[in-house]
Amino acid sequence: VRFNTENFRILSVGRLSKVKRFDIIPSIAKELKEHGYKFTWYILGDGDEKDQIISLIQKHEVSDEVILLGEKANPYTYFAGSDLYVITSISEACPYVLNEAKVLNIPIISTDFGSASEFIDNGVNGIITGVNDLTNMIREMIDDKEKYDNIKKEISAFKYSNEEIMRKIEGLLDQEVITDD
């Protein structure tokens with residue numbers, strides 16, 4: 001499936017499982033569609049929930065808006081072609097996909113799981129929101145060009161460097177170790 005460049009492009013990536021909560025995407029898409037938004041929401045990944053998600057896409061009549069792409073060896077071309085990355089998860093331990101989106105300068109909306117705030121400075125380089133407000137936050141990112149551009153500008157300053165991380169760790173290791181002695 002080729003990216004439709006006429007529409008606002010939303011991307012979600014992950015295992016199609018209950019914890020990732022991709023099953024809410026078709027109803028969000030239906031609401032966006034009913035409000036006249038022109039978008040395509042691509043989902044990269046495969047898993048146990050695929051048939052249920054397909055059924056929900058059909059039920060909500062959003063097969064032109066929500067596209068299941070399956071697993072891809074190189075998901076980064078899909079990131080690069082996206083306007084917004086949305087994470088719908090109930091929980092995530094360490095969502096590296098958020099840093100991948102930031103490295104590729106894609107604004108992010110994430111549900112409010114425990115570690116989200118470790119990766120997103122809410123309102124600065126992305127949005128953290130409750131699941132019930134996802135639709136409104138997506139609408140806001142599409143409608144509010146200034147807000148979208150400000151978040152995109154903040155993300156463009158994001159630099160991910162293993163060398164920098166290693167220097168910080170080495171600096172910590174070089175510090176005097178505090179003991180109870």
Count - residues of the stretch 34-62 that are open to solvent by 50 Å² or more (accessible area, probe 1.4 Å) and within 18 Å of D133 (Cβ to Cβ): 2
The residue that is nearest to the chain's Cα centre (by Cα), considering only those in the stretch 63-75 that are farther than 18 Å from E34 by Cα and open to solvent by 90 Å² or more (accessible area, probe 1.4 Å), is E71
Considering every residue within the stretch 69-83, establish whether at least one is free of Cβ contacts under 8 Å to residues at least 24 places away in the same chain and in contact with a helix residue (DSSP H, G or I) (Cβ under 7 Å, 6 or more places away or on another chain). no
Considering only residues of the stretch 76-95 that are assigned to a loop (DSSP other than H, G, I, E, B) and at pLDDT 85 or above, which is nearest to the chain's Cα centre (by Cα)? T88
Being modelled with pLDDT of 95 or more and either within 14 Å of the chain's Cα centre (by Cα) or at negative phi (or both) narrows D149, D121, D133, D112 down to just D133
Is it the case that I155 is out of contact with any strand residue (DSSP E or B) (no Cβ under 7 Å at 6 or more places or on another chain), at pLDDT 85 or above and of a type outside the set (F, W, Y)? yes
Could you please give the count of residues in the stretch 96-136 that are assigned to a helix (DSSP H, G or I), without any contact (Cβ under 8 Å) to a residue 40 or more places away in the chain and surrounded by fewer than 19 Cβ atoms within 10 Å (Cβ to Cβ)? 7
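The values are calculated or read from the model by the stated rules, or taken from the named source; none is laboratory data. These numbers come from a predicted model, not from an experiment. In this analysis, Cβ positions are derived from the backbone assuming ideal geometry, glycine residues included, and neighbour counts consider all displayed protein chains. Side chains are part of the model used for accessible areas, which takes the heavy atoms of the whole protein and leaves out ligands, DNA and RNA. Shrake-Rupley method; radii C 1.70, N 1.55, O 1.52, S 1.80 Å.
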